[in-house]
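J.: Attaching a single structure in structure tokens format; questions to follow.
The values are calculated or read from the model by the stated rules, or taken from the named source; none is laboratory data. Quick caveat, the model's predicted, so the values are computed rather than measured. Please note: Cβ atoms are built from the backbone with ideal geometry, for glycine as well, and neighbour counts cover all protein chains shown. Just the protein is used for accessible areas: all its heavy atoms, side chains included, with ligands, DNA and RNA removed. Shrake-Rupley method; radii C 1.70, N 1.55, O 1.52, S 1.80 Å.
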Amino acid sequence: MDYQRAYEKLEKFGQLHVLKYYDELTKEEQEMLLKQVEDTDFTMTDSCKHKEELNQKGKISPLSAMQLKEIAERREEFTAIGMEAIKAGKVGAVLLAGGMGTRLGSDAPKGLYDIGLTKEVFIFQRLIENLLDVVHAADAWIHLFVMTSDKNHEATTQFFAEKNYFGYRPEYITFFMQEMAPATDYNGKVYMEEKYKISTSPNGNGGWFTSMVKWGVVDKIHEAGIEWLNVFAVDNVLQRIADPCFVGATIQTNSDVGAKVVCKNAPDERIGVVCLEDGKPSIVEYYELTEELMNAKDENGEPAYSFGVILNYLFREKALEEIVAKKLPLHIVEKKIPCLDENGEAVKPEEPNGYKYEQLVLDMIHELGSCLPYEVERNYEFAPIKNKTGIDSVESARALCKENGIEL
Ligand code: UTP
């Protein structure tokens, strides 16, 4: 893109300040900036001005979950079905590791965080160990796809190589990168990270399948004959991945997606809950849950919205292909965004200073025809690491690992 075209594009979106330092840049830097302007989608930056109107929910009603008791009774049946699919190579795993992990406060990718006490136990290592349990039980390798972002791709791939993939077969691991989105101030003006670079951040975990398509990873999925994709977050160090019983239950109930859920520990726990929205499966984020829904009861007098998602989903791959062209809702999140101040000096803010624009994997559920919420026991399978201390922290995850006999 030449200067004139870039100027016109920026003018259209009210972002001309991006060219403020253009004349002082080297030729190379100028080209980098023009290329970034060409590649950047600025359409979302305006939406922060009418934030409240975004993502209006439809009519919410309860969606029942398959609960622990039923799962225990049918464990053998489901496990056999799941194992058969895994052995036949029909199940792949997708690790969402493109996030910035800002709450944890480490500059390195979250998966490189060492939660060990007497030895090294990296978050990535815990996840690979969990997946290896199934690989060994099934005596079959499972394709693992790892989503990174522009900000952490190098560091992530290097780390896996240095650690010999924690015993996983490298030919079964495929890295791909997610897209980036511009980060803005509270008025929707994009921040500059350098004089020749617009501030960007990963565009949320909702773009994972679109990015797989863009990177040609989907061709690999077709070649391998994978029919189900188990998508999971980087930060839950206890979760079971490609869990045969969960796989079997999702297949057996002919669901487009299975969602692992836990019973909430309080009505106001900060976790998205499964429900129906206008008769279709959906997830309501904790901040969207009204007081009335929080305390609503079902026909048995039990809390109607008591099952929360833990970001571990099993998607039918064909169903994803059908919805890939659909635009997911945009979430505008307040964050600390490193940027240049008005004097062109780099600053790393201590407090949130603007917005990031994200799409979320949980919004994919509403696009699909059927969802099986599948309950897991939270103390065995839910140890998310979001913060350094307190709730959902390194501390709480260590305690849960100990409770499950995992040496740290
Ligand atoms: P979080 O919502 O916890 O976001 O991600 P985060 O960016 O990792 O952490 P904070 O909010 O800055 O502290 C949930 C999962 O989604 C992935 C994360 O890596 C994590 O596995 N994710 C998130 C992505 O892969 N890409 C994104 O753009 C955002």
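J.: Hey, rough spin-label estimate for ALA140 and GLU377, points 7 angstrom out along Cα→Cβ, what's it come to in nanometres?
T.: It is 2.7 nm.
J.: Using a 1.4 Å probe, what is the accessible area per residue for the stretch 95-160, in Å²?
T.: Result: 39 Å² of accessible area for each residue.
J.: Which distance in Å, rounded to a whole number, links the C-alpha centroids of the stretch 318-348 and the stretch 158-182?
T.: Cα centres, the stretch 318-348 to the stretch 158-182: 22 Å.
J.: Arrange the residues ARG5, ARG75, ARG316 by how much accessible surface each exposes, largest first, with a 1.4 angstrom probe.
T.: ARG5, ARG75, ARG316
J.: Let me check the size of the stretch 34-111 from its C-alpha atoms; what are the radius of gyration and Dmax in Å?
T.: That works out to 22.0, 61 Å for Rg and Dmax.
J.: Averaged per residue, what accessible surface does the stretch 269-374 expose to a 1.4 Å probe, in Å²?
T.: Dividing the accessible area of the stretch 269-374 by its residue count gives 48 Å².
J.: On to the next question. Of LYS110/LYS163; LYS151/LYS264; LYS90/LYS214; LYS9/LYS195; LYS59/LYS386, which pairs sit farther than 24 Å apart, going by alpha carbon to alpha carbon?
T.: Those over the limit are LYS151/LYS264; LYS59/LYS386.
J.: Using only the Cα atoms of the stretch 185-326, construct the convex hull and provide its projected area averaged over every direction, in square nanometres to one decimal.
T.: Across all orientations, the stretch 185-326 yields a mean hull projection of 12.9 nm².
J.: Taking all protein chains in place and a 1.4 Å probe, what share, in percent, of the accessible surface of the chain do carbon and sulfur account for?
T.: Heavy-atom surface of the chain belonging to carbon and sulfur, 1.4 Å probe: 47 percent.
J.: Want the number for VAL213 to ASN164: 0.36 nm per residue separation, take away the alpha-carbon distance, what's left?
T.: So the extension gain works out to 14.9 nm.
J.: Follow-up. Size of the dipole of the chain about the Cα centre, Lys and Arg at +1 and Asp and Glu at -1 on the beta carbon, nothing else charged, in debye to 20?
T.: The dipole of the chain has a size of about 360 debye.
J.: Between ALA140, ALA242, ALA93, where does the largest GNM mean-square fluctuation fall for the chain, given springs only between Cα atoms within less than 10 Å?
T.: ALA140
J.: Any chance you could run the full-extension gain for GLU292 through LYS336? It's 0.36 nm times the residue separation minus the Cα-Cα distance, nm to one decimal.
T.: Length gained between GLU292 and LYS336: 12.6 nm.
J.: On to the next question. Using a Förster radius of 25 Å, what is the FRET efficiency between VAL347 and SER106 based on their Cβ-Cβ separation? Nearest 0.05, please.
T.: Efficiency computed from Cβ-Cβ geometry: 0.80.
J.: Compare the peptides 174-185, 265-276 by average per-residue count of other Cβ atoms within 10 angstrom and give them in order, highest first.
T.: The peptides rank, most packed first, as 174-185, 265-276.
J.: Also, I was wondering about something else. Can you pull the one-decimal nm distance between simple spin-label points at LEU16 and THR43, each 7 Å off the Cα toward Cβ?
T.: 2.5 nm
J.: Still on this structure, please answer the following. Students often get this wrong: which residues of the stretch 301-332 have the backbone nitrogen under 18 Å from the point 7 angstrom along Cα-to-C-beta of ASN404?
T.: What the label zone holds, given the 18 Å backbone N cut-off, is 308-314.
J.: Please list, by residue number, everything in the stretch 1-18 whose backbone N is under 17 Å from a paramagnetic label point 7 Å out along Cα→Cβ of GLU194.
T.: 18
J.: Taking the Cβ-Cβ separation of GLU31 and TYR186 as r and a Förster radius of 45 Å, what is the calculated FRET efficiency to the nearest 0.05?
T.: About 0.90, to the nearest 0.05.
J.: Could you please tell me the mean projected area of the C-alpha convex hull for the chain, averaged over all directions and given in square nanometres to one decimal?
T.: Taking a quarter of the hull surface, the average projection is 21.1 nm².
J.: Arrange the peptides 280-286, 161-167, 230-236 so that the one whose residues have, on average, the most other Cβ atoms within 10 Å appears first.
T.: Highest-to-lowest ranking by the protection proxy: 230-236, 280-286, 161-167.
J.: For GLU395 paired with GLU302, estimate the spin-label separation in nm (one decimal), with each label point 7 Å from Cα along the Cα-to-Cβ line.
T.: Taking the simple label geometry, GLU395 and GLU302 are separated by 3.3 nm.
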